[in-house]
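Student: This is the structure I have questions about; it appears just below.
The values are calculated or read from the model by the stated rules, or taken from the named source; none is laboratory data. Computed from a prediction, not measured in an experiment: that's the story for all the values here. Here the Cβ positions follow ideal geometry from the backbone for every residue, glycine too, while neighbour counts run over all protein chains shown. For accessibility, only protein heavy atoms count, side chains too; no ligands or nucleic acids. Shrake-Rupley method; radii C 1.70, N 1.55, O 1.52, S 1.80 Å.
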Amino acid sequence: KAGAAATRAELMLLEFARRDHSDVLDETVLRFAAPLRRALGLDPAGPATLPLMTWACNATLATKARPPTKPPIKALFVHVPKTAGTTLNLVLAAAATRQRKRFHALTFADLERPARRAAAAAASDLLSAETDVSFLASVPTADLALFSFLRDPIARAASQIEHHLAAGRLAGPDAALRLVSPSLCPQLERDAFCAELAHPRKCRAGGWCSIFQNHQTQLLAGAQHFPRDRAAALRRTSANLLCAARRSLASLLVVGLTERLQPSLCLLFHALGYGAVFRDCCDPGKPPCAIFQLRASKHSAADRARSRPPANASSYLATYLDDDLLLAAMYEGNALDCALYADALRLLDRRLDALADRLRPFPPDDLPLMRHCDRGARLFDAAFAASDPAARRRIFYDTPPPPLA
């Protein structure tokens with residue numbers, strides 16, 4: 001344990017050893033190489049670079065299970081935390097009822113029991129679970145298409161922090177900065193914190209820190225139900241992790257965006273073959289339907305209302321956006337999510353354009369959806385970047401994505 005370290009060198013060795021490559025990207029080692037060598041009495045310069053394990057971008061099981069091309073379709077909603085998933089579950093349950101379909105939301109207890117997972121997959125037309133794409137590996141006989149919703153990565157990370165602040169797991173003015181920065185988030189704390197979660201399995205992707213850093217990329221790459229060696233292989237480098245997530249993104253039946261909830265849902269209802277719901281809610285000339293008015297009463301905003309003054313409960317995001325240092329760190333920790341979100345936005349636009357003649361018009365975006373990521377990237381380049389920030393950004397953000405279906 002960290003408390004057993006008597007010297008700074010011992011603490012650094014513990015931290016270094018704890019990064020066992022089953023949960024953390026290989027390039028994390030580079031941050032510790034010089035100070036670790038110095039603490040051990042070695043030349044801190046050492047070799048110019050360290051040999052990194054390299055892996056080909058491995059497709060996840062989700063990419064192999066291409067969704068059916070024609071309804072009826074059995075599908076699983078991969079619920080990414082803090083993306084309005086609780087409200088989406090209400091909407092999906094109502095849509096399934098309207099279509100006379102069987103909807104089932106898996107609990108965390110269900111996810112831990114193979115028999116329950118298999119039974120729910122067999123007995124339901126529409127499933128929802130706070131899991132990742134590796135769920136298919138846990139129910140290999142299930143013929144399920146996957147879909148998911150992503151959210152602005154900066155807003156999602158802020159909401160995740162607020163959730164844990166309200167739960168009393170975090171304290172202190174520097175808590176947010178330490179959680180979102182790959183340079184500061186302490187892996188030595190992760191076991192204790194993960195054990196306190198309602199679903200500790202979500203830490204299997206990248207430990208406690210990954211809940212606040214690139215979590216959407218982690219979930220679309222998959223880890224929770226993969227063997228450890230496979231989950232580790234997907235995470236040897238950030239480029240490999242992003243590649244795996246992009247392949248899963250391309251295989252999803254639909255990827256929606258929280259910031260474009262209604263048009264995303266229309267695209268989903270069409271893909272699922274939910275004709276009655278599509279006609280009620282999405283046909284040109286129709287007003288917004290009752291299903292679109294559903295809102296969850298139990299969610300992180302309610303938690304914030306208990307932990308913040310009422311006037312600040314709904315405007316918490318400004319706390320993160322107005323702090324340049326914090327926003328730059330949030331981008332550093334969520335650069336892969338920003339790249340994945342940009343891919344999802346392009347894919348959603350293309351699919352909505354193909355369906356435009358069958359959809360009622362939706363209000364345009366009030367502001368550019370990439371604005372928080374873009375500003376965070378600029379601040380990061382100015383405050384944190386290495387000698388060649390442009391090269392670093394190209395790896396995460398500006399690399400052209402693979403073709404998306």
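Student: Does any residue of segment 328-344 turn out to be open to solvent by 60 Å² or more (accessible area, probe 1.4 Å) and either over 21 Å from the mean Cα position of the chain (by Cα) or at pLDDT 95 or above (or both)?
Tutor: No; the residues of segment 328-344 include none that is open to solvent by 60 Å² or more (accessible area, probe 1.4 Å) and either over 21 Å from the mean Cα position of the chain (by Cα) or at pLDDT 95 or above (or both).
Student: Take Ser264 and decide whether it is touching a Gly at 6+ places or on another chain (Cβ under 6 Å) and either within 26 Å of Phe135 (Cα to Cα) or surrounded by 20 or more Cβ atoms within 10 Å (Cβ to Cβ) (or both).
Tutor: Spelling it out, Ser264 is indeed touching a Gly at 6+ places or on another chain (Cβ under 6 Å) and either within 26 Å of Phe135 (Cα to Cα) or surrounded by 20 or more Cβ atoms within 10 Å (Cβ to Cβ) (or both).
Student: Kindly indicate whether any position in segment 155-169 is modelled with pLDDT under 85 and either crowded, with 20+ Cβ neighbours inside 10 Å or basic (Lys, Arg) (or both).
Tutor: yes
Student: Now for a separate question. Among the helices (runs of 4 or more DSSP H) confined wholly to segment 83-138, which include 3 or more residues that are open to solvent by 30 Å² or more (accessible area, probe 1.4 Å)?
Tutor: Details: elements: 85-98, 108-111, 114-123, 135-138.
Answer list for segment 83-138: 85-98, 114-123.
Student: Output the number of the condition that Val255 fails; it satisfies all remaining conditions of (1) modelled with pLDDT of 95 or more; (2) over 21 Å from Ala84 (Cα atoms); (3) β-branched (Val, Ile, Thr).
Tutor: (2)
Student: What number of residues within segment 239-261 satisfy the criterion of being open to solvent by 10 Å² or more (accessible area, probe 1.4 Å) and of a type in the set (Ser, Thr, Tyr)?
Tutor: Residues meeting the conditions: 1.
Student: Have a look at Ala290, Ala276 and point out the one that is over 28 Å from the mean Cα position of the chain (by Cα), open to solvent by less than 30 Å² (accessible area, probe 1.4 Å) and aliphatic (A, V, I, L, M).
Tutor: It is Ala276.
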